[in-house]
Every structure is written in structure tokens, then in C-alpha cells.
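Novice: Take a look at this one; I'll ask things after.
Read-outs throughout are calculated quantities, based only on the coordinates presented, and are distinct from any laboratory measurement. This is a predicted model, so every value here is computed, not measured. Cβ coordinates were reconstructed from backbone atoms using ideal geometry, including for glycine residues, and neighbour counts include every protein chain displayed.
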Amino acid sequence: MKQFNAEYIGEELEQIGIRIRQPIDIFLIGGCAMSFRKFKETTKDVDIVFRNKSDCDIFCDALFGAQYYEPLKIIDEYTRLEPLKMFENKDGFHLDLFVKKVCGKLELSKEIVKRAEFYKKYGNAAVYLVAKEDVFLFKSLASESRKRDLDDMRTIYQNLDWQAILKEIKSQKLSSQLTGLMISRMDEFKKTFDLDVPILNTLKKMNSA
């Protein structure tokens, strides 16, 4: 699958942004946020979260003029992420759009928004990068089959604020099933890279209570 660097992504966001008719905020949560922060050189797609459906609709209206389309054939990996909308361009560059909740699991909470860093304005689109703690959290709840998410979690592991992650998990009020999935992924991460996950035992106690 094709990979795209920060320069390409920035040019695409510029083409979309100049077509957006009124100011909106967009939040980048995955590989794109990591690329803009220089944690990784390339990513294959962009995951965008909006505060509300109105902002998402405004963004979608601009995509057609920027030559994006909704693909007829959707790869299973993307459908498992449960985005509200999916778009591609002629290069195979892929956009997954979410409103408020990502993958039907984690919400764009007030604290995640507060931690997010303003990156750049493209036309009427103000782009924010979620904190690396929240990237780690989102990736810990992604599809179990996505090995690259573990690699990304390893890349941003250094100097994470574990208490901020734990506080966010508690505030999200996740189901026991979702908390179990997160624990499983963090366990896998710990065993794969032989790295400590300081909040893991606390999460296990929380989920067994």
C-alpha cells in the first residue's frame, strides 16, 4: 500500500482547505499527526476527527472540488475502523472521517481537545494534532490485526504522561469489553518490546472490580 509524506499531506490539506466555505477545526489522531511531528516519515492515510457532524459535512463538501471520491471497494481494515465517511484521491491517498467518536470506541473529549496542539491553518481549516498520549491511546484501541499500530506506539513511548492517559481512560467510561481490548493490546505491546506500561496493573484491577 502506498505511503505519503508530510509534504504531500500538507499539499492535499491545502487544496481541500481553500475550498472549505467557513472556519472549522479538524483533529488529526494517527500516523498523520506523527508525520507532522516528525515521529515517522510517511503514513498511508489520514484519520480526521470533527467536533460535530456539521463541520464534517462542510469538509466533505470541499472534497469533491479537490477531486476526492468515495471508493466503491472498501478494504476490510477500513470498515473495521467504523469511520463515518471514507474518501480517496487518484493517488490512492485515503481519508477516514470520524465525528466525535473514533472507531465507535473513544470520544474526542474536552481534555483531548485541550491537550491538542495547533499545527497550521489550511484555508478555513484549522488543523490540530492530538497529544502523543492520546495517539498512544487511540492506537491501543485500533484493530487487533494492525501490527503497525504497536510499532507506532513504540515510536512515541518515550516520556509519555501515563497519569494523563489513565485519567483519560477513566473519564471515557469505556465498557468492560473495550477496556479488556485495551489491556490486551498494552500487554501485547509490553511483551513485544519488553517495555513497561506503568498503568497496566491499575487497568487490570479496574476491569476486574
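Novice: Once you charge only the Cβ atoms, +1 for Lys and Arg and -1 for Asp and Glu, what is the size of the charge dipole of the chain about its Cα centre, to the nearest 20 debye?
Specialist: It comes to approximately 580 debye.
Novice: Given contacts defined as C-alpha pairs under 8 Å and at least six residues apart, what's the relative contact order of the chain, whole-number percent? Kindly include the intermediate steps, with their values, before the conclusion.
Specialist: On the way: 314 pairs, mean separation 41.6, N = 209.
About 20 percent, as a whole number.
Novice: To continue, here is another question. Mind checking the alpha-carbon convex hull of the stretch 10-51 and giving the volume per residue in Å³? Let's see the in-between values first.
Specialist: Values: hull volume 3.2 nm³, N = 42.
Output value, Cα hull per residue: 75 Å³.
Novice: To make sure I understand the rule: partners must be lysines, Cα under 25 Å from the Cα of residue 173, and not fewer than 8 residues away in the same chain. Which ones qualify?
Specialist: Cross-link targets: 53, 100, 101, 105, 110, 114, 132, 139, 190, 204, 205.
Novice: Which percent, nearest 5, of DSSP beta bridges in the chain are antiparallel? Walk me through the numbers before you get to the answer.
Specialist: Numbers: 16 of 27 bridges.
In the chain, approximately 60 percent of DSSP beta bridges are antiparallel ones.
Novice: Please work out how much length the chain gains when fully extended from residue 164 to residue 176, using 0.36 nm per residue of separation minus the C-alpha to C-alpha distance, in nm with one decimal. Walk me through the numbers before you get to the answer.
Specialist: On the way: separation 12, 0.36 × 12 = 4.32 nm, distance 2.01 nm.
Full extension from residue 164 to residue 176 adds 2.3 nm.
Novice: Quickly estimate the mean residue ellipticity at 222 nm for the chain, helices only: each DSSP H run with n ≥ 4 gives -39500 (n - 2.57), and the total goes over all residues, rounded to 500.
Specialist: Numbers: 10 runs with 98 residues, N = 209.
Helices in the chain give a 222 nm mean residue ellipticity of -13500 deg cm²/dmol.
Novice: On full extension of the chain, what length is gained from residue 157 through residue 64, given 0.36 nm per residue of separation minus the C-alpha to C-alpha distance? Spell out each step's value before the answer.
Specialist: Values: separation 93, 0.36 × 93 = 33.48 nm, distance 3.75 nm.
Residue separation times 0.36 nm, minus the Cα-Cα distance, leaves 29.7 nm.
Novice: Multiply the residue separation of residue 120 and residue 88 by 0.36 nm, subtract the distance between their alpha-carbon atoms, and state the gained length in nm to one decimal. Before the final figure, lay out the partial values.
Specialist: On the way: separation 32, 0.36 × 32 = 11.52 nm, distance 2.23 nm.
Residue separation times 0.36 nm, minus the Cα-Cα distance, leaves 9.3 nm.
Novice: Here is a follow-up. Kirkwood hydrodynamic radius (Cα pairs, Å) of the stretch 82-184? Before the final figure, lay out the partial values.
Specialist: Details: mean 1/r = 0.0664 Å⁻¹.
Taking every pair of different Cα atoms in the stretch 82-184, averaging 1/r and inverting gives 15.1 Å.
Novice: Estimate the FRET efficiency between residue 206 and residue 100 by the formula 1/(1 + (r/R0)^6), using the beta-carbon distance for r and 22 Å for R0, to the nearest 0.05.
Specialist: Numbers: r = 24 Å, r/R0 = 1.09.
Working from the Cβ atoms, E equals 0.40.
Novice: How big is the convex hull of the Cα atoms of the chain, per residue, in Å³?
Specialist: Values: hull volume 23.8 nm³, N = 209.
Hull volume normalised by residue count: 114 Å³.
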